[in-house]
Amino acid sequence: MVQTDLSQLSSECAEWRQILRNHKEELQENRRLLQELCKKTLPKDAYQQVEHFDNQFHIQLINIHDLKQSIKYHDKKIQFEGDNIPEGRYIEHESLLSEFLNLEQMLLEIRNKFKTFISTIS
């Protein structure tokens, strides 16, 4: 049972980190798309939105990095503890899950708003 808990917690950490890597790649691609858009003539009010999205992408890339590092550190602690995972580690795991889900929700909202913005200026 304990080994299952250990492998389950560790695999969840790996899954979260992979999803965050995918979001990071998407944000980087969106930043490149913004740079390409700026080479074109845009409506005057669009530049404010471009700046807003660029700032959001930058902030979320930092948030992704920080959360990935927290998850990685948490996973290392789990691996180190092996069969002796303290109850507090499960609480920490749930807290990281909550952070992950909140960040993912934020990223999905930004994605949808960005897609809407792109469709209005294309």
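The values are calculated or read from the model by the stated rules, or taken from the named source; none is laboratory data. Since we're looking at a predicted model, the values are computed, not measured. Here the Cβ positions follow ideal geometry from the backbone for every residue, glycine too, while neighbour counts run over all protein chains shown.
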Restricting attention to segment 92-112, does a residue exist that is of a type in the set (Val, Ile, Thr), more than 15 Å from the chain's Cα centre (by Cα) and either within 30 Å of residue 6 (Cβ to Cβ) or assigned to a helix (DSSP H, G or I) (or both)? no
Filter segment 34-54 for residues that are touching a residue at least 12 places away in the same chain (Cβ under 8 Å) and either farther than 13 Å from residue 120 by Cα or surrounded by 10 or more Cβ atoms within 10 Å (Cβ to Cβ) (or both) and give the result. 34, 37, 38, 42, 46, 49, 50, 53, 54
Here are some residues: 59, 71. Which one is among the aliphatic types (A, V, I, L, M) and closer than 20 Å to residue 13 by Cβ? 71
Any idea how many residues of segment 1-33 are free of Cβ contacts under 8 Å to residues at least 24 places away in the same chain and in a helix (DSSP H, G or I)? 10
Residue pairs, Cβ under 7 Å, 6 or more apart or interchain, first in segment 86-110 and on the phi > 0 side of the Ramachandran plot, second of a type in the set (Asp, Glu). List them. none
Step by step: first the residues of segment 1-33, then only those that are charged (D, E, K, R) and touching a helix residue (DSSP H, G or I) at 6+ places or on another chain (Cβ under 9 Å), then the one that is surrounded by the fewest Cβ atoms within 10 Å (Cβ to Cβ). Which residue is that? 21
Within segment 79-97, how many residues are of a type in the set (Gly, Ala, Ser) and exposed (fewer than 10 other Cβ atoms within 10 Å of the Cβ)? 1
Residue that is at pLDDT 95 or above, surrounded by 16 or more Cβ atoms within 10 Å (Cβ to Cβ) and among the β-branched types (Val, Ile, Thr), where the choices are 64, 59: 64
Looking at residue 93 and the list (1) within 26 Å of residue 38 (Cα to Cα); (2) in contact with a His (Cβ under 8 Å, 6 or more places away or on another chain), which single condition is not satisfied? (1)
